[in-house]
């Protein structure tokens, strides 16, 4: 991991590949490994993109020190982009809380961006029409493989729990949760610092760049219907709702999510070629 420093703050990040900058943001309580696991197979044999996987404050290797709210996180991410990709039109990808931060960045940078990819994003303060997640019962093989702690942390997190999904959680979710600064993250929500100023949260009125939106049909955390409102802001957005997927759609439906991500990359590269 590398470190970026600015205005008394620090961001840890991992840089992979060369070419056009792609900023990648994970969700609350996780770190860059979850998104790296999802996206790096997409870039095997596909050059031209420089991936910047950031650990958000209080998560992974980025300390919470110096941060008190999401607006400060957005400011730091913009300063980070200005230093790591000066004068370039960066593309942005964000999962859950990371997707929410994309709205703040887009609200401030707009046409200076190459495109946006939202994965199960937090859209705003109000969450409507949340579906009920009704997980399939775990099989005997899965029950035998889990420790009591894993069973507690894995139960109810996926629509169809399997041993394969447990291994994915072991690889990139459980280790990140163990590193997260729970006091900072809890305080962010308790004080209201989680939410951006309303003008940033709204994002741009219209942004004519390629956009991808992928949601889980059984996502009981952020739902899927609120994300459809983003279509009004982005005239060139695709919107997909994946069945048999909850808030961890990127682990439950890896192949489908990667296919939509590839389509988004294709559309951005076609725009650049014009």
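The values are calculated or read from the model by the stated rules, or taken from the named source; none is laboratory data. The structure displayed is predicted, hence computed values, not measured ones. Note that each Cβ is placed from the backbone with ideal geometry, even for glycine, and that neighbours are counted across all protein chains shown.
A few remarks follow.
- Here residue 67 passes the criteria (1) touching a strand residue (DSSP E or B) at 6+ places or on another chain (Cβ under 6 Å); (2) in a loop (DSSP other than H, G, I, E, B); (3) modelled with pLDDT of 95 or more except the one numbered (1).
- For region 238-255, the candidate set comprises residues that are free of Cβ contacts under 8 Å to residues at least 40 places away in the same chain and touching a helix residue (DSSP H, G or I) at 6+ places or on another chain (Cβ under 8 Å); within that set, the residue that is surrounded by the most Cβ atoms within 10 Å (Cβ to Cβ) is 242.
- Going through (1) touching a residue at least 40 places away in the same chain (Cβ under 8 Å); (2) farther than 12 Å from residue 116 by Cβ; (3) out of contact with any strand residue (DSSP E or B) (no Cβ under 9 Å at 6 or more places or on another chain) one by one, residue 225 falls short only on (3).
- Residue 116 loosely packed, with under 15 Cβ neighbours inside 10 Å and either in contact with a helix residue (DSSP H, G or I) (Cβ under 8 Å, 6 or more places away or on another chain) or at pLDDT below 95 (or both): no
- Screening 36, 72 for residues that are in contact (Cβ under 8 Å) with a residue 12 or more places away in the chain, farther than 21 Å from residue 177 by Cα and not in a loop (DSSP other than H, G, I, E, B) leaves exactly one candidate, 72.
- Selection from region 39-54 of residues that are touching a helix residue (DSSP H, G or I) at 6+ places or on another chain (Cβ under 9 Å) and part of a loop (DSSP other than H, G, I, E, B): 46
- Within the set 110, 98, 87, the sole residue that is part of a helix (DSSP H, G or I) and at pLDDT below 95 turns out to be 110.
- All of (1) farther than 26 Å from residue 133 by Cβ; (2) exposed (fewer than 15 other Cβ atoms within 10 Å of the Cβ) hold for residue 264 with one exception: (2).
- Condition met for residue 196 (more than 30 Å from residue 154 (Cβ to Cβ), more than 19 Å from the chain's Cα centre (by Cα) and not in a helix (DSSP H, G or I)): no
- Check on residue 162, buried (at least 20 other Cβ atoms within 10 Å of the Cβ) and over 17 Å from residue 229 (Cα atoms): no
- Restricting attention to region 156-190, the residues that are in contact (Cβ under 8 Å) with a residue 40 or more places away in the chain and not in a helix (DSSP H, G or I) add up to 7.
- All positions within region 22-33 that are within 25 Å of residue 185 (Cα to Cα) and either in contact (Cβ under 8 Å) with a residue 40 or more places away in the chain or not in a helix (DSSP H, G or I) (or both): 23, 24, 25, 26, 27, 28, 29, 30, 31, 33
- Of the residues making up region 138-153, just one is out of contact with any helix residue (DSSP H, G or I) (no Cβ under 9 Å at 6 or more places or on another chain) and not in a helix (DSSP H, G or I), namely 147.
- Condition met for residue 79 (in contact with a helix residue (DSSP H, G or I) (Cβ under 6 Å, 6 or more places away or on another chain) and either outside any helix (DSSP H, G or I) or farther than 19 Å from residue 121 by Cα (or both)): no
- Sole exception among (1) under 27 Å from residue 59 (Cα atoms); (2) in contact with a helix residue (DSSP H, G or I) (Cβ under 9 Å, 6 or more places away or on another chain); (3) at pLDDT 95 or above for residue 199, by number: (3)
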